[in-house]
Amino acid sequence: MNLQEQPAGVYRIQSLGQDVTAAFSSRLYDNSKRHEFLAALSLRPENLVMVKQVHGDTVLVADKPDPVFFDTPADGLITKTPRLILGIRTADCVPVFFWDAAGKVAGIAHAGWKGVKAGILDQMLKVFKTRFGSPTANMQVALGPSIRKCCYEVGNEFLGYFPGFYFGKNASHGYLDLAGSIKSRLLKKGIASSQIQDSGLCTVCENKKFFSYRVEHQTRERMLNVICISPEH
Ligand SMILES: [Zn+2]
């Protein structure tokens, strides 16, 4: 992944594709500074669409910044509308960016363990295909900062939820590789590993830069992850 921090606290995923802005904030931009973050990306805050994130598998298609989205339960957003900004807030869960470069369709998902288990990734690819005809062969996918297997301690019930991605520490606890599970699910849907980019960033290991719900005692602060199709020149 070609990731550039410019200016400080604004991480741009340069390698997702041309004609698209994909970025996430660091903790320099707390919840009160979302407009400043968007301005630093030369994006207009009034074009931002977010949803009421509920760890489910609902994906919505947006074509305008309708305020009703903000109260609608969902964990994925897709658009073909240039300038519309799709936003997902995270602090440990995985922000997953999607870009169909040929069809010029963008999407973003909030992928925590519950949403991944519920099928949010399958649902994203399904809506891309049914609504916009985006084949998986066109899709570029990127994973932003999240809690990683180095730090994501969970109970042993996760062995059944995520077989192959739970690593036992003792009889009752182990570590979950949620990003690994996401990549595996994408591969099974026909997305090649060369189409998947991972920031590799851990919100706990890099807690000086990113918010972590776990480490910071269920903080309400979130990173803002956005994707926005550039207007035609
Ligand atoms: Zn870590």
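The values are calculated or read from the model by the stated rules, or taken from the named source; none is laboratory data. Keep in mind it's a predicted model, so treat the numbers as computed, not measured. Cβ atoms come from the backbone with ideal geometry, glycine included; neighbour counts cover every protein chain shown.
Worth a mention:
- Of all the listed residues (Leu43, Leu77), the sole one being of a type outside the set (Phe, Trp, Tyr) and closer than 24 Å to Ser212 by Cβ is Leu77.
- Of everything in region 29-75 that is of a type in the set (Gly, Ala, Ser) and surrounded by 14 or more Cβ atoms within 10 Å (Cβ to Cβ), the residue that is nearest to Asn207 (Cα to Cα) is Ala40.
- Only residues that are among the hydroxyl-bearing types (Ser, Thr, Tyr) and under 14 Å from the mean Cα position of the chain (by Cα) were counted in region 59-79, giving 0.
- Annotation: of all residues in region 131-150 being among the β-branched types (Val, Ile, Thr) and modelled with pLDDT of 95 or more, the one that is surrounded by the most Cβ atoms within 10 Å (Cβ to Cβ) is Ile147.
- Among the residues of region 180-209, those that are crowded, with 17+ Cβ neighbours inside 10 Å, within 14 Å of the chain's Cα centre (by Cα) and within 11 Å of the ligand (Cβ to nearest atom) comprise Leu201, Cys202, Thr203.
- Strands (runs of 3 or more DSSP E) wholly inside region 1-116 that include at least 3 residues being under 24 Å from Thr130 (Cα atoms) and out of contact with any Ser or Thr (no Cβ under 7 Å at 6 or more places or on another chain): 76-79, 85-90, 94-100, 105-111
- Here Tyr213 passes the criteria (1) farther than 16 Å from Ala111 by Cα; (2) more than 12 Å from the ligand (Cβ to nearest atom); (3) aromatic (Phe, Trp, Tyr) except the one numbered (1).
- Checking Glu153, Glu232 one by one, the residue that is at pLDDT below 95 and either under 23 Å from Ile108 (Cβ atoms) or within 16 Å of the ligand (Cβ to nearest atom) (or both) is Glu232 and no other.
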